[in-house]
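The values are calculated or read from the model by the stated rules, or taken from the named source; none is laboratory data. Predicted, not measured: the structure shown is a model, and the values here were computed from it. A quick note on method: Cβ atoms are made from the backbone with ideal geometry, for glycine too, and the neighbour counts reach across all protein chains shown. SASA here: full protein model, heavy atoms, side chains in, ligands and nucleic acids out. Shrake-Rupley method; radii C 1.70, N 1.55, O 1.52, S 1.80 Å.
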Amino acid sequence: MKNVLKVVFVIIGTLIGAGFASGQEVYVFFFSFGIKGIIGVLISCVLMGVVIYQTLKIINNYQINNYKDFLDILLSKNKNIKKIINLLINIFILVTFFIMIAGFGAYFEQEFSVNSLIR
């Protein structure tokens, strides 16, 4: 049970805390569409739950320790698609890093009045 809670908290922290969206932003986005927004929330939750469950099931069954092993299991027959997916993951990680650095720099400039050229 202790490990299950760890996984749940990591997933929640990743989706909400590090996902660049606060609960208020999610609320405004979905609920501004009324009943269609609520249906969108439900569909999003179900899809996310299914994807997370299937991913954790594969990871547990094959004792996977990194995403490259995960890609090997999922795309073992097609090496070219595996290379493309790996490239897309790396680009996404790099772009996310740049976004976080830009946000940190803007915060640093706002709070400490440090010129952006010094950063």
Only one of these is closer than 21 Å to residue 89 by Cβ, surrounded by 10 or more Cβ atoms within 10 Å (Cβ to Cβ), modelled with pLDDT of 90 or more and not hydrophobic (A, V, I, L, M, F, W, C): 68, 57. Name it. 57
Looking at the range 75-102 only, could you name the residues that are assigned to a helix (DSSP H, G or I), open to solvent by less than 90 Å² (accessible area, probe 1.4 Å), out of contact with any Ser or Thr (no Cβ under 9 Å at 6 or more places or on another chain) and under 20 Å from residue 51 (Cβ atoms)? 81, 85, 86, 89, 96
Are there any pairs, at least 6 apart or on different chains, whose C-beta atoms fall under 6 Å, with the first in the range 36-47 and over 20 Å from residue 12 (Cα atoms) and the second open to solvent by 40 Å² or more (accessible area, probe 1.4 Å) and of a type in the set (A, V, I, L, M), and if so, which? none
Mind checking which pairs have a first residue in the range 1-28 that is farther than 23 Å from residue 97 by Cβ and a second that is part of a helix (DSSP H, G or I) and modelled with pLDDT of 75 or more, Cβ under 8 Å, 6 or more apart or different chains? 7/56
